[in-house]
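Chemist: Okay, handing you the structure first.
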Amino acid sequence: MTDYYKVLGVNREATPEEIKRAYRKLARELHPDVNPGAEAGERFKDVTSAYEVLSDPQKREMFDLGGDPFSSGGGFNSAAGFGFGDIVDAFFGGGGQRGPRSRKRRGQDALIRLQVTLEEAAFGSTREFAVDTAVTCSSCTGEGTSSGASIVNCTMCAGRGEVQSVQKSFLGQVMTSRQCPQCQGFGSLNPHPCAECAGDGRVRTRSTLSVQIPPGVEGGTRIQMTGQGEVGPGGGPAGDLYVELIELPHPVFQRNGDQLHATMSLPMTAAALGTTMELETLDGTAPIHIKPGTQSGSTVTLRGQGMPRLRSSGRGDLVVHLEILTPTGLDQAQEDLIRQLASIRGEESPSAQFHEQSSSLFGKLKDAFTTR
């Protein structure tokens, strides 16, 4: 029996991709359009037969087990091998597709992840990105055949894509139908596959695409790009491409749905006296008003300065969390002024005391549970 691994120059553990590369290399060297000699023609046929066997998982397994991958019974057709599954197939039709299957099939969907900034998520943008995908082979325009060649009818199944056999069982003679092992159910053969795509009708390449990011989109959202996935075998229609957006962390703002949160430090004097400050938002500079006596941990809300709402109009808010800074590195004059203030307010020797539990955070949580 011909050693198909030796014909292609690969070992028995070769991956499908290694087998495909070996075939494409030999096919380019031995193709009749490139090497018209008789010896090269015979070798081209041997190489094509070897690829047909080793590129098909069922035929390859049949060959590895010592069977004939081109025989109707796979080299193991015997009454002893006729089991209950064959009887079920005989009575109920095997459950598979009847007739030849099409060589042209829809391509797979694909998924890529794209990182976006908070600003891009807020206002939308158009982004370009590169993707490795399968496209129609330009050499054969998806047909999978070499120049001047064509698909021929399978002689084993006469184009039906399946073969029938009659075998004996305890129920008597039973006729079963199986996928044709020679054409793998296509009903036709490709004796001279395209050297560029190895008969697949498609090749892999890198393309540049662009995607429209809508305003207000959130991380984890998937955008469907219809027909931008992989082209199917035999030049079949392309699948869809899904772009999953990953939102990058922002150095200032934290997002919670359509709300934005930020922390702003404030001098103790400004918090005590009140002031108006300028704050840089996503939309530019906006005034923020600090009331006199503002405490650390207080918040100021800027309406409509948050994220746009993706499926409705309007925008969320920007919530600014205030952090009051205690002055350090005081000189003597500054220290004297603060001591004078403490004296006026009677705070020279403050006494330590705990807050009432009901007014604390834990007290509020406890009240919330006990009143239910």
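Chemist: If we count other beta carbons within 10 Å of each Cβ, what is the order of Ile213, Ile223, fewest first?
Modeler: Ile223, Ile213
Chemist: Would you mind listing how long segment 184-268 runs along its three principal axes, going by Cα atoms, in whole Å with the largest first?
Modeler: Its Cα atoms span 86, 21, 21 Å along the three principal axes.
Chemist: Using 0.36 nm per residue, how much length does the chain from Val152 to Leu273 gain when fully extended, once their Cα-Cα distance is taken away?
Modeler: 34.4 nm
Chemist: Moving on to the next point. May I ask for the Rg/Rh ratio of segment 250-328, computed from Cα atoms with Rh as the Kirkwood radius, given to two decimals?
Modeler: With Rg and the Kirkwood Rh in hand, the quotient comes to 1.02.
Chemist: Could you put Phe253, Phe129, Phe44 in order, starting from the residue whose Cβ has the fewest other Cβ atoms within 10 Å?
Modeler: Arranged by neighbour count, lowest to highest, Phe253, Phe129, Phe44 become Phe129, Phe253, Phe44.
Chemist: Can you sort Asp109, Asp258 from fewest to most other Cβ atoms within 10 Å of each residue's own Cβ?
Modeler: Asp109, Asp258
Chemist: I've got another one for you. If each of Ala130 and Glu29 carries a label point 7 Å out from its Cα toward its Cβ, how far apart are those two points in nm?
Modeler: Distance between the two pseudo-spin positions: 3.1 nm.
A short reminder: the numbers here are calculations on the coordinates, not readings from a lab. The model shown is predicted, which means the values in this text are computed figures rather than measured ones. FYI the Cβ positions are ideal-geometry reconstructions off the backbone, even for glycines, and counts take in every protein chain you see.
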